[in-house]
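A.B. asks: I'd like to ask you about the structure that follows.
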Amino acid sequence: MALLPILTAPDPRLKKKSLPVAAVDADVRQLMDDMLETMYAAPGIGLAAPQVGALKRVIVLDIDREETKTGPLFMANPEIVEASDEDVIYEEGCLSVPDHYSDVARPEKVRVRYLDRDGKQQELACEGLLATCVQHEIDHLDGILFIDHISSLKRNMILRKLLKARKEQERDEAEGKPHKADAKDPEHAL
Ligand code: GNR
Ligand code: NI
C-alpha cells in the first residue's frame, strides 16, 4: 500500500479522458488499493485514478453517512446505465479543487455497471450522496471537474485562486516556511 500525491487544478492531466482497463489484473488491484488508502488519508469519500495521475477508468468510493454506509467500493470501467429524470442539488467539493465548494445539480438516482476488484461485472443502484459521488468520479474519467458544471465566471475565479495559492505555497516551500494551507479546516473536511 502506498499514499499517492493528488493532482490539483489547473493540471492538464485532470482534463484528459481516461482509458478503460483491459482487465482487473494485479496492477489495477494495486492501483485500487493505493487509491483507497490515499482517499481515506485525504480524507475523501471518492477518488478517481486521474486524480493520482493514472489515466485509467478506475474509481474508489466509501460513503459512511447515516443514510448510506457503503464500505469500500472498487470500480473499473464504471458506466451509468440508467439515470432518473429528477435532479438533486448537492454542495460538492473535490480533492483536486481544494477549499472550494459549489452546488451542482445531477440526476438523483443512477444505476452503475462496473467491474469489481475481482473483475466480476456488477450493477449497483445508487441514490443520495452515493449517486452524486459516483457521477462526480465518472466525470473525472472524462476530464470533467465539478467546477465545469458551474458558471464560467465562478469557475475562472476558483481557478485563479487555486493558481495563486499554489504559487504562494511554492514560494513558501522555496523559503523553507510552513504554509497556511497546511492547517486543515475541520469545518470543510471532505
Ligand atoms: O470527498 C469528496 N466529497 C464529495 C462531496 C460532495 C460531492 C462529491 C464529493 S467527491 C470528493 C472527493 C473527490 O474529489 N473525488 O473525486
Ligand atoms: Ni473530485
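The values are calculated or read from the model by the stated rules, or taken from the named source; none is laboratory data. Predicted model, so just to flag it, every value in this text is computed and none were measured. Glycine gets a Cβ as well: all are built from the backbone with ideal geometry, and neighbour counts include every protein chain shown.
A.B. asks: Considering only residues that are over 20 Å from LEU31 (Cβ atoms) and touching a residue at least 60 places away in the same chain (Cβ under 8 Å), look in region 128-147 and name the one that is farthest from ligand 2 (Cβ to nearest atom). Don't jump to the end; show me each part of the working.
C.D. replies: Of the residues in region 128-147, the ones over 20 Å from LEU31 (Cβ atoms) are 128-132, 135, 144-147.
Now restrict to residues that are touching a residue at least 60 places away in the same chain (Cβ under 8 Å): 128-130, 145, 147.
Numbers: GLY128: 17, LEU129: 13, LEU130: 14, LEU145: 7, ILE147: 10 Å.
Restricting to residues being over 20 Å from LEU31 (Cβ atoms) and touching a residue at least 60 places away in the same chain (Cβ under 8 Å), the top hit is GLY128.
A.B. asks: Only one residue in VAL24, VAL28 is more than 16 Å from ligand 2 (Cβ to nearest atom), touching a strand residue (DSSP E or B) at 6+ places or on another chain (Cβ under 7 Å) and assigned to a loop (DSSP other than H, G, I, E, B). Which one?
C.D. replies: On the way: VAL28 fails: assigned to a loop (DSSP other than H, G, I, E, B).
Within the list VAL24, VAL28, the selection yields VAL24.
A.B. asks: Only one of ALA54, ALA76 is under 25 Å from ARG166 (Cα atoms), in contact with a helix residue (DSSP H, G or I) (Cβ under 8 Å, 6 or more places away or on another chain) and away from ligand 2 (no atom under 14 Å from the Cβ); which? Please lay out each step first, then the result.
C.D. replies: On the way: ALA76 fails: under 25 Å from ARG166 (Cα atoms).
So the residue among ALA54, ALA76 that is under 25 Å from ARG166 (Cα atoms), in contact with a helix residue (DSSP H, G or I) (Cβ under 8 Å, 6 or more places away or on another chain) and away from ligand 2 (no atom under 14 Å from the Cβ) is ALA54.
A.B. asks: Need at least 1 residues that are over 13 Å from the mean Cα position of the chain (by Cα) and of a type outside the set (Ser, Thr, Tyr) per element, so show me which strands (runs of 3 or more DSSP E) inside region 33-128 make the cut, counting only ones lying wholly within it.
C.D. replies: 73-83, 87-92, 102-107, 109-115, 121-127
A.B. asks: What pairs can you find where one residue is in region 81-92 and more than 16 Å from ligand 1 (Cβ to nearest atom), the other is assigned to a strand (DSSP E or B) and among the aliphatic types (A, V, I, L, M), and their Cβ atoms are less than 8 Å apart, with a gap of 6+ or different chains?
C.D. replies: Within 8 Å, the pairs are VAL81/VAL112; GLU82/VAL110; ALA83/VAL110; SER84/VAL110.
A.B. asks: Which one of these is away from ligand 1 (no atom under 14 Å from the Cβ), of a type in the set (A, V, I, L, M, F, W, C) and either under 18 Å from ARG117 (Cβ atoms) or at pLDDT below 95 (or both): ALA54, ALA48, ALA22? Even if it seems obvious, please write down each step before you answer.
C.D. replies: Values: ALA54 fails: away from ligand 1 (no atom under 14 Å from the Cβ); ALA48 fails: away from ligand 1 (no atom under 14 Å from the Cβ).
Step by step, each of ALA54, ALA48, ALA22 is checked, and only ALA22 is away from ligand 1 (no atom under 14 Å from the Cβ), of a type in the set (A, V, I, L, M, F, W, C) and either under 18 Å from ARG117 (Cβ atoms) or at pLDDT below 95 (or both).
A.B. asks: Considering only region 116-127, I want to know if a residue exists there that is farther than 24 Å from VAL24 by Cα, away from ligand 2 (no atom under 16 Å from the Cβ) and of a type outside the set (Val, Ile, Thr).
C.D. replies: Within region 116-127, the first condition is being farther than 24 Å from VAL24 by Cα, and the residues that meet it are 127.
Applying the additional criterion that residues be away from ligand 2 (no atom under 16 Å from the Cβ) yields 127.
Remaining after also requiring of a type outside the set (Val, Ile, Thr): 127.
Checking region 116-127: at least one residue is farther than 24 Å from VAL24 by Cα, away from ligand 2 (no atom under 16 Å from the Cβ) and of a type outside the set (Val, Ile, Thr).
A.B. asks: Here is a follow-up. In this structure, is PRO10 farther than 17 Å from ILE138 by Cα, touching a Leu at 6+ places or on another chain (Cβ under 7 Å) and not in a helix (DSSP H, G or I)? Quick ask: steps written out before the conclusion?
C.D. replies: On the way: farther than 17 Å from ILE138 by Cα: yes; touching a Leu at 6+ places or on another chain (Cβ under 7 Å): yes; not in a helix (DSSP H, G or I): yes.
Spelling it out, PRO10 is indeed farther than 17 Å from ILE138 by Cα, touching a Leu at 6+ places or on another chain (Cβ under 7 Å) and not in a helix (DSSP H, G or I).
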